[in-house]
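Worksheet: one structure, shown below.
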Amino acid sequence: QVQFVESGGGLVQPGGSLRLSCTASRIIFSASAMAWFRQAPGKQREFVAAIGRGGSTKFADFVKGRFTISRDNPKNTVYLQMNSLKPEDTAVYYCNMAVVVDSYWGQGTQVTVSS
């Protein structure tokens with residue numbers, strides 16, 4: 001079955017940086033548009049960033065200029081570089097296809113931004 005494994009989260013101070021990774025299995029990764037999402041406590045999961053097959057990118061307004069998304073097709077991995085982190089970025093971060101498939105959600109990786 002398709003599996004996404006997210007990693008790279010942790011505790012970081014405001015203004016700090018983290019790089020998240022998501023490795024996919026059992027999909028044709030190079031042909032797949034991928035995306036990152038996040039879910040903060042008590043809130044619905046929301047879109048963060050997406051990257052197309054050809055590398056085109058799209059970002060939620062609240063991360064523009066701070067986050068970048070990239071992909072490494074031979075490694076079946078998509079990355080989320082997060083800079084200038086804010087406390088409101090605290091959430092569990094997930095990856096999925098850009099056109100979400102509910103059964104593909106993984107465990108996510110916790111990002112906590114706090115001093």
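The values are calculated or read from the model by the stated rules, or taken from the named source; none is laboratory data. Predicted, not measured: the structure shown is a model, and the values here were computed from it. Because the Cβ atoms are built from the backbone with ideal geometry, glycine has one as well, and the counts that use them run over all protein chains shown. SASA here: full protein model, heavy atoms, side chains in, ligands and nucleic acids out. Shrake-Rupley method; radii C 1.70, N 1.55, O 1.52, S 1.80 Å.
Which ones in the stretch 17-35 are crowded, with 16+ Cβ neighbours inside 10 Å, in a strand (DSSP E or B) and in contact (Cβ under 8 Å) with a residue 60 or more places away in the chain? Correct list: LEU18, LEU20, CYS22, ALA24, MET34, ALA35. Of all residues in the stretch 51-64, one or more are outside any loop (DSSP other than H, G, I, E, B), more than 12 Å from the chain's Cα centre (by Cα) and under 19 Å from PRO14 (Cβ atoms). The single condition among (1) out of contact with any helix residue (DSSP H, G or I) (no Cβ under 6 Å at 6 or more places or on another chain); (2) in a strand (DSSP E or B) that PRO74 does not meet is (2).
Which one is farthest from the chain's Cα centre (by Cα), of the residues in the stretch 36-50 that are surrounded by 12 or more Cβ atoms within 10 Å (Cβ to Cβ) and assigned to a loop (DSSP other than H, G, I, E, B)? Taking the candidates together, the pick is ALA40.
The rows are residues; the columns are (1) at pLDDT 95 or above; (2) within 14 Å of ARG38 (Cα to Cα).
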| position | (1), (2) |
| --- | --- |
| PHE59 | yes, yes |
| SER70 | yes, no |
| LEU80 | yes, yes |
| GLU88 | yes, yes |
| TYR93 | yes, yes |
| VAL100 | no, yes |
| SER114 | yes, no |
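Of the numbered criteria (1) open to solvent by 30 Å² or more (accessible area, probe 1.4 Å); (2) closer than 14 Å to PHE4 by Cβ; (3) part of a strand (DSSP E or B), the one GLN110 fails is (2).
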